[in-house]
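Student: Handing you this structure, nothing more for now.
Read-outs throughout are calculated quantities, based only on the coordinates presented, and are distinct from any laboratory measurement. Given the structure is predicted, the values throughout are model-derived calculations rather than measurements. Because the Cβ atoms are built from the backbone with ideal geometry, glycine has one as well, and the counts that use them run over all protein chains shown.
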Amino acid sequence: MIKKTYEEINAKIRAGKAVVVTAEEVISMAREKGIEETAAKVDVVTTGTFGPMCSSGAFFNLGHTKPRMRMSRVFLNGVEAYAGVAAVDVYLGATQLPETDPANTNYPGEFNYGGAHVLEDLLAGKEVLLEAESYGTDCYPRKKFEKMIRLDDIPYALLFNPRNAYQNYNVGVNLSERTIYTYMGILKPNMGNANYSTAGQLSPLLNDPFYRTIGMGTKIFLGGGVGYVSWFGTQHSPEVLRGENGVPLSPAGTLAVMGDLKQMSPQWLRGISLIGYGVSLMVGVGIPIPILDEEMLRYTAVSDEDIFANVVDYSEAAPQGTGEPLGRVSYAQLKSGEITLGDRVIPTASLSSYLKAREIAEILKEWIKSGRFLLTKPVFTLPTTNEGINYREIV
């Protein structure tokens, strides 16, 4: 029986002797050499995903003005940041829109600019307009402030995303007679297309389905820099039907993640406009999976043929994909460009980028092989049951 520890793997990384492969590469290795031999050889498997992750944003400390000001309303390029934190602490949500944005009038067909684009602009070194208002107090007398600022001008910038890297997700279709505009993209009437948004065999939580190595304190690739898993994410709901090798057949685990925004890159944090819906942030996440034993190797050897997702109607009859699944398809089928439901052949498209997911896994692999990136053992791993989470729909 093969057993390795974090300490042993890190010692090999420091010595430049660790064997690190991506979640794509390990599949063929396991098929050719078998699970036991591959587990003995490989120390770390790297994963990656790059797709829209709405539950994202950043905490900023904007620095004190002269005279001082307790900022009660804050806008960055016209996008409001939540200021109910402290005098000059704010949280900018990725999906926040200006009050004048077309999405607020439910008018599809226009480009939306929101919090995600402000984050991308800051990372690109661009100036953004800071506008702040206050009611004025004895200790914070200033009532108005306006200035063009760059990320370098902001003393503190922490990316903090409450829900990222969903473990599997639905495939969205539309059974209605009209085109609908959703967070799953534009869905044509009468099942004219099917959209999905998961990296499949490269996706982090699909390579560790029971979260044996992922939890609070896990060091990760985040937005082009180094980040950490800070908690289980909102809507974390691991008690779902699972298929072969523990792979969930519907949305399950999620991650809350954090990291220094100033280390990151606009290449890996990008604002996108979802026409008729609003905005979201494309987030690059990569997680190293230590091969502690044969079981972990078996999990990481999962392929697109082994991962299945539910096809769900997103029309008014079942808003936001809450209805019963219409069927189940593999990621190999989805990535082929079409799926078959009954007698219907439906073209598919991905909202996430598999090419970028592969690039993230490669970057993380090189970081580890070069000794720049050591593994961290989590303080605790993610919950594998719903006990104490009580996630449910509001009724």
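Student: Of all the stretches in the chain, which is the longest one without any exposed loop site, taking trypsin sites (Lys or Arg not before Pro) in a DSSP loop (any state but H, G, I, E, B) with at most 12 other Cβ atoms within 10 Å?
Tutor: 179-371
Student: Mind listing which chymotrypsin sites (Phe, Trp or Tyr not before Pro) in segment 130-195 are in a DSSP loop and have 13 or fewer other Cβ atoms within 10 Å?
Tutor: Here the chymotrypsin sites (Phe, Trp or Tyr not before Pro) that fit, given the DSSP loop and packing criteria, are Tyr135.
Student: Still on this structure, please answer the following. For segment 140-298, calculate the relative contact order in percent as a whole number, restricting contacts to Cα pairs under 8 Å that are 6 or more residues apart.
Tutor: 26 percent
Student: Given only helices, namely DSSP H runs of n ≥ 4 each adding -39500 (n - 2.57), what is the per-residue ellipticity at 222 nm of the chain, to the nearest 500 deg cm²/dmol?
Tutor: Computed ellipticity for the chain at 222 nm equals -4500 deg cm²/dmol.
Student: How many percent of the alpha carbon pairs in segment 6-89 exceed a separation of 17 Å?
Tutor: Beyond 17 Å sits 68 percent of the P(r) for segment 6-89.
Student: Continuing with the same structure: Relative contact order for the chain using alpha-carbon pairs under 8 Å, separation at least 6, rounded to a whole percent?
Tutor: 25 percent
Student: Please identify every one of the GluC sites (Glu not before Pro) in segment 163-255 that sits in a loop by DSSP and has no more than 10 other beta carbons within 10 Å of its own beta carbon.
Tutor: In loop regions of segment 163-255 (DSSP not H, G, I, E or B), the sparsely surrounded GluC sites (Glu not before Pro) are Glu177.
Student: Under 18 Å from a point placed 7 Å out from the Cα of Thr179 along the Cα-to-Cβ direction: which residues of segment 335-354 have their backbone N that close?
Tutor: Backbone N within reach: 347-351.
Student: Next question, about the same structure. Can you return the lysines within cross-link range of Lys17? Criterion is Cα-Cα under 29 Å, with same-chain partners fewer than 8 residues away left out.
Tutor: Leaving aside lysines fewer than 8 places away in the same chain, those within reach of Lys17 are Lys3, Lys4, Lys33, Lys41, Lys219, Lys356, Lys365, Lys369, Lys377.
Student: Under Stokes-Einstein, with the Kirkwood radius over Cα pairs standing in for Rh, what whole-number D in µm²/s applies to the chain at 37 °C and 0.692 mPa s?
Tutor: The calculation lands on 148 µm²/s.
Student: How high is the relative contact order of segment 40-145? Use alpha-carbon pairs under 8 Å, at least six apart in sequence, and give a whole percent.
Tutor: After rounding, I find 29 percent.
Student: How big is the gap, in Å, between the Cα center of segment 298-372 and the Cα center of segment 219-253?
Tutor: Value for the Cα centre distance between the two parts: 14 Å.
Student: Report the equivalent ellipsoid semi-axes for segment 57-159 in whole Å, largest first, defined as the square roots of five times the eigenvalues of the gyration tensor built from alpha carbon atoms.
Tutor: 25, 16, 11
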